[in-house]
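The values are calculated or read from the model by the stated rules, or taken from the named source; none is laboratory data. Just so we're clear, the structure is a prediction, and the values are computed from it rather than from any experiment. Counting neighbours? That spans all protein chains shown, and the Cβs are built from the backbone with ideal geometry, glycine included. Please note that ligands, DNA and RNA were not included when accessible areas were found on the heavy atoms of the full protein model with its side chains. Shrake-Rupley method; radii C 1.70, N 1.55, O 1.52, S 1.80 Å.
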Amino acid sequence: MADVLNYIDGVFVASHSNATIPNINPANGTTIGSVPASDAIDVDLATKAALRALPAWKTTSFEERINWLYAIADALQEQSQTIIALEMEDTGKPVSLARNIDAFRSVANFRFFADHGKQLPEPKFEMDQATNYVHRNPIGVVGLITPWNLPLYLLSWKVAPALLMGNTIVAKPSEMTPQTATFLAKVMDDIGLPKGVFNLVHGLGPQAGQAIIEHPDIRGISFTGGTATGKIVAATAAPMFKKLSLELGGKNATIVLDDAPLEEMMNSIVRASFANSGQICLCGSRIFVDKSRYDEFASSFTWHVEQLKVGNPHDETTNMGSLISVEHRDKVESYINLAVEEGGHILTGGTSAQHPVTNVPEGSAFLRPTVIGGLPAHSRCATEEIFGPVVTLHTFDTETDLLEMVNGTNYGLAGSIWTGDKQRGHQLATKVETGIIWVNTWLHRDLRTPFGGVKNSGVGREGGDWSLNFFSELLNVCVHE
Ligand code: NAD
């Protein structure tokens, strides 16, 4: 694939203005192709198509929609090599990650919601002389807006439950990673999904994205992206009383207690810090270590981080590819420079000027994993989302100290606790202000569980029944005996 197109009413089309933006491969700086720079007119065409498709789609049986999800999952799975290749090209991520996380989870999301739909409870409440039946209607046309870090994985996490519950869709992926969403449209087209059920509009956030949020006929918005964008989305959608789900940024804590068997856990802690070059909203970017174990932890962690192989995404042994863009790398590097100004010292890594990744093409966006010690826990680097391969290390004396630092950010998405005592880990977990926390593991996901953040990390939950509840309007029917 090279130039991508919008997919509206079952047809692949350019934006009405023919305007485009370039799509760059960040691992080599070359232009892959063009992306339609759509605007409110394209969004309106897509919304009208989705509205036309709605009556027929919402009256298909639940079983039929389940079968569509299986058909999409099967078709994607058959072509998972294409998903891997496109995701690598758009993001610069390594092949092992594109295969094991992106391609695997995109298929799994469709299959999971198809399976889960079969067990959907139909709540019924008996009362004196009447029975209440809870009926689920679709919201109608829903807008799905997604970021660049796990492109098809995060889009499919929304598309599958939205389709299952009978909604029709206007989706907009990140302008930086348009290829797998277009591939999903092609797969749906190939298997004959009715036209207008899934529509795709590419383009920049403030134009195409904002037009989706503003469109009066789009009655539900599921948004995953940064907190600053989430504020704009909420400010636009709330006065229109749209149903809204916001999955936003994070500044997740990794907590290492004094009884943690470090050597056994170190590889997992490193993965929790640097998977996808730290560009996963769930990555732990602040590590709090019990003071009595700090020196031991810092030297072992730094050594393990230095073993990560950074470079050619096509090499099966590569652990970290490039960042999403040169501009994003500049932003991440500005935090490394800020850390030094704030009194931190670099234990390993540093900016690409200080410590370049060798043997990578000119114009690429690689950055070494960077570990910073000595920063106050309330410093900007330790409280603001960097969303790159940068981790700060901190110590704590008491649980009170620890919780004050851990809960001292505006974010509350995820975290992890590492300990030799599961019970102690469980008790501490309940005191962390966050939506998800792992004890002695990380990114261990059961898709039935609630996923989402507190504070500036978002509003609402996705996953299992929570997704199905979001993508439906509950109607209580009370029938007198
Ligand atoms: P972003 O907010 O810049 O963009 C996300 C999407 O919103 C893109 O498709 C973009 O084009 C669109 N957009 C931008 N402005 C818009 C507007 N005014 N109206 C409507 N849409 C608009 O985020 P990003 O840089 O693509 O992704 C990184 C961020 O996403 C990080 O903060 C990360 O933590 C977050 N994220 C959160 C989760 C989660 O589940 N909580 C998952 C992945 C990423």
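What to note about this one:
- Fully extended contour minus Cα-Cα distance, from Glu327 to Thr430, at 0.36 nm per residue: 33.3 nm
- Positive end of the dipole of the chain (Cβ unit charges, origin at the Cα centre): among Gly453, Val4, Leu248, the Cα lying farthest that way belongs to Val4.
- Note on Glu404 and Met127: their simple-model spin labels are 5.0 nm apart, each label 7 Å out from Cα toward Cβ.
- Highest mean packing comes first when the peptides 232-240, 190-198 are listed by Cβ atoms within 10 Å, giving 190-198, 232-240.
- Accessible surface ranking for His314, His116, 1.4 angstrom probe, highest first: His314, His116.
- Computed helical MRE - 222 nm, the chain, DSSP H runs ≥ 4 contributing -39500 (n - 2.57), nearest 500: -11000 deg cm²/dmol
- Principal-axis tilt of helix 179-191 within the chain, Cα atoms, nearest 10 degrees: 30 degrees
- In terms of the mean number of neighbouring beta-carbon atoms within 10 Å, the peptides 132-140, 324-332 order highest first as 324-332, 132-140.
- Residues Ser334 and Glu362, FRET efficiency given R0 of 25 Å [Cβ-Cβ distance, rounded to 0.05]: 0.70
- Relative contact order of the range 252-446, defined on C-alpha pairs under 8 angstrom at six or more residues apart (%): 28 percent
- Percentage relative contact order, the chain, counting C-alpha pairs under 8 Å, at least six apart: 19 percent
- Cross-link pairs Lys251/Lys422; Lys93/Lys172; Lys231/Lys331; Lys158/Lys431; Lys251/Lys455 - those with Cα-Cα distance over 19 Å: Lys251/Lys422; Lys93/Lys172; Lys231/Lys331; Lys158/Lys431
- Simple Cβ-charge dipole of the chain, Lys/Arg +1 and Asp/Glu -1, about Cα centre, in debye nearest 20: 680 debye
- Rounded percent of accessible protein surface that carbon and sulfur make up, the range 252-446, 1.4 Å probe: 47 percent
- Inter-label distance for Cys478 and Phe104, nm, one decimal - labels placed 7 Å from Cα along Cα-to-Cβ: 4.9 nm
- Ranked from largest to smallest solvent-accessible area, with a 1.4 Å probe on the protein heavy atoms, Lys124, Lys243 come out as Lys124, Lys243.
- Separation of the range 314-334 and the range 22-51, taken as the distance between their Cα centroids, equals 23 angstrom.
- Cross-link reach list, aspartates and glutamates versus Lys186, counting only Cα pairs under 17 Å and skipping chain neighbours closer than eight places: Asp3, Asp9, Asp74, Glu78, Glu87
- Degrees, to the nearest 10: 294-306 long Cα axis against longest axis of the chain: 60 degrees
- Whether the range 262-385 is rounded, prolate or oblate, judged on the alpha carbon gyration tensor where a/c under 1.5 counts as rounded: oblate
- Three-way shape label, the range 274-328, alpha-carbon gyration tensor, a/c 1.5: oblate
- Added length on full extension, which subtracts the Cα-Cα distance from 0.36 nm per residue, Val454 to Ser80: 131.2 nm
- Other-chain or far-sequence residues with amide H under 5 Å of Thr395's (modelled H): Val289
- Placing +1 on the Cβ of every Lys and Arg and -1 on the Cβ of every Asp and Glu, with no other charges, gives the range 250-293 a dipole of roughly 300 debye about its Cα centre.
- Only the Cβ atoms of Lys and Arg (+1) and of Asp and Glu (-1) were treated as charged; on that basis the dipole of the range 252-446 about its Cα centre amounts to roughly 300 debye.
- Using alpha-carbon coordinates, inclination of helix 262-274 to the longest axis of the chain, degrees: 50 degrees
- Centre-to-centre separation between the Cα atoms of the range 258-302 and those of the range 60-117: 31 Å.
- Accessible area per residue for the chain, computed on protein heavy atoms with a 1.4 Å probe, is 40 Å².
- Label-reachable residues, the range 79-120, where backbone N falls under 16 Å from a point 7 Å from Thr317's Cα toward its Cβ: 95-96
- Gyration tensor verdict on the range 1-82 (Cα atoms; rounded if a/c is under 1.5, prolate if a/b is larger than b/c, oblate otherwise): oblate
- Solvent exposure of Arg52, expressed as accessible area, is near 150 Å², computed with a probe of 1.4 Å over the protein chains only.
- Alpha-carbon Rg with Dmax, taken over the chain, Å: 22.9, 77
- With every protein chain in place and a 1.4 angstrom probe, the accessible-area ranking of Glu247, Glu481, Glu263, largest first, reads Glu481, Glu263, Glu247.
- Using C-alpha pairs under 8 Å with a sequence gap of at least 6, the mean separation divided by the residue count of the range 74-222 gives a relative contact order of 26 percent.
- A simple spin-label model places pseudo-atoms 7 Å from Cα toward Cβ; at Glu63 and Arg445 they are separated by 3.1 nm.
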